[in-house]
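Report on the following structure.
The values are calculated or read from the model by the stated rules, or taken from the named source; none is laboratory data. None of the values given here were measured: they were computed from a predicted structure. Cβ placement follows ideal geometry from the backbone for every residue including glycine, while neighbour counts extend to all protein chains displayed.
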């Protein structure tokens, strides 16, 4: 059946301009609140319209249990179920409201379908736009899906719900372990910017060697091969200690014209599309090459794990003078001139020992999380294709 045909309501949200908005009243749910399979609260950025404006514009009210679909990226077509809330709600014009016919299909089953590869594949041919992708409500409504019996739907939802809860629990556990490391850092060293314990401070160039990566000429095919991994910013993942496996590698000739660092160096993302991405760091656990969007920091007066957490704790300081309108870049020269605390080495090593113990727990939790995510993905493929 077509998506539109299994819904009792299938319509777009309302065109709400900034002049229509107010500080309180009826909540305006936007595309940014729609995650893949989950509602993203973003209370600090909440927008509202007054009840008077609601009636004046003849807005469509949305209710807990409705499914909202973002017709804008990223990705186009992502969907979530509206949660229970005490306030009245409407949604923006780039969101489609789906109220499934519960006699045919449960909202939970439909929302899982709208997270599947099969769903996104069916959307692809109907997405329009070159610079900004989008899908029309008409094309969204034409997506076909098979509908099993209600009993079969219930079994699928129960199994997937169980895995989602496990994934959320393990993700939260990893976050708590990261918070534990940060709390221990503050206990031993205080805020690294205000430096309440009065540690010596030096510019990074006086305590570390900073190296900017590069890209060997693409015109010379023999520079690329399988001799050494070529790390990009995508391989630097927040919360993961070491760089992920690179997709692309250099040949031995490519390595000789590239930039490399050995084990126990810091790799920092210094060119990215958003402030949030600049300043991400990881520690090399192997010799790697890296591109020009990365600065490597090779410590000379720091314990490597201490430096890793110090840079994480200094994220706001690192990016404070970056202007994203002029292309977000944390240059080598700017990075080298940043000042950081240098606590006594024995204190750094004490902290490093603590981080190593916590990281053992993180590795075990991450392994369990990866296995659960793999099972979830496998079941999604089995149920929806």
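Are there any strands (runs of 3 or more DSSP E) wholly within region 63-148 with 1 or more residues that are in contact with a helix residue (DSSP H, G or I) (Cβ under 7 Å, 6 or more places away or on another chain), modelled with pLDDT under 95 and closer than 15 Å to residue 2 by Cα, and if so which? Hits in region 63-148: none.
Note on region 179-207: residues that are in a helix (DSSP H, G or I) and either closer than 30 Å to residue 228 by Cβ or assigned by TED's automatic domain parsing to the domain that holds residue 311 (or both) total 3. On the stretch given as region 357-385, residues that are in contact with a helix residue (DSSP H, G or I) (Cβ under 8 Å, 6 or more places away or on another chain) and more than 19 Å from residue 146 (Cα to Cα) total 11. Condition test on residue 302, is it under 17 Å from residue 211 (Cα atoms) and in a loop (DSSP other than H, G, I, E, B)? Against the criterion (under 17 Å from residue 211 (Cα atoms) and in a loop (DSSP other than H, G, I, E, B)), residue 302 qualifies. Check whether at least one residue in region 43-54 is over 16 Å from residue 97 (Cα atoms), in contact (Cβ under 8 Å) with a residue 24 or more places away in the chain, part of a loop (DSSP other than H, G, I, E, B) and touching a helix residue (DSSP H, G or I) at 6+ places or on another chain (Cβ under 8 Å), and report yes or no. Looking for residues that are over 16 Å from residue 97 (Cα atoms), in contact (Cβ under 8 Å) with a residue 24 or more places away in the chain, part of a loop (DSSP other than H, G, I, E, B) and touching a helix residue (DSSP H, G or I) at 6+ places or on another chain (Cβ under 8 Å), one finds none in region 43-54, hence no. Checked against the criterion of being exposed (fewer than 13 other Cβ atoms within 10 Å of the Cβ) and either touching a residue at least 24 places away in the same chain (Cβ under 8 Å) or in contact with a strand residue (DSSP E or B) (Cβ under 8 Å, 6 or more places away or on another chain) (or both), the candidates 158, 144, 187, 152 yield just one match: 144.
Exactly one residue among 73, 83 is assigned by TED's automatic domain parsing to the domain that holds residue 123 and either over 25 Å from residue 119 (Cβ atoms) or surrounded by fewer than 14 Cβ atoms within 10 Å (Cβ to Cβ) (or both), and that residue is 83.
Per this entry, residue 235 is not counted among residues that are over 23 Å from the mean Cα position of the chain (by Cα) and surrounded by 13 or more Cβ atoms within 10 Å (Cβ to Cβ). Checked against (1) buried (at least 20 other Cβ atoms within 10 Å of the Cβ); (2) closer than 19 Å to residue 201 by Cα, residue 300 passes all but condition (1). Scanning region 331-348 for residues that are out of contact with any helix residue (DSSP H, G or I) (no Cβ under 8 Å at 6 or more places or on another chain) and at pLDDT 95 or above yields a total of 4.
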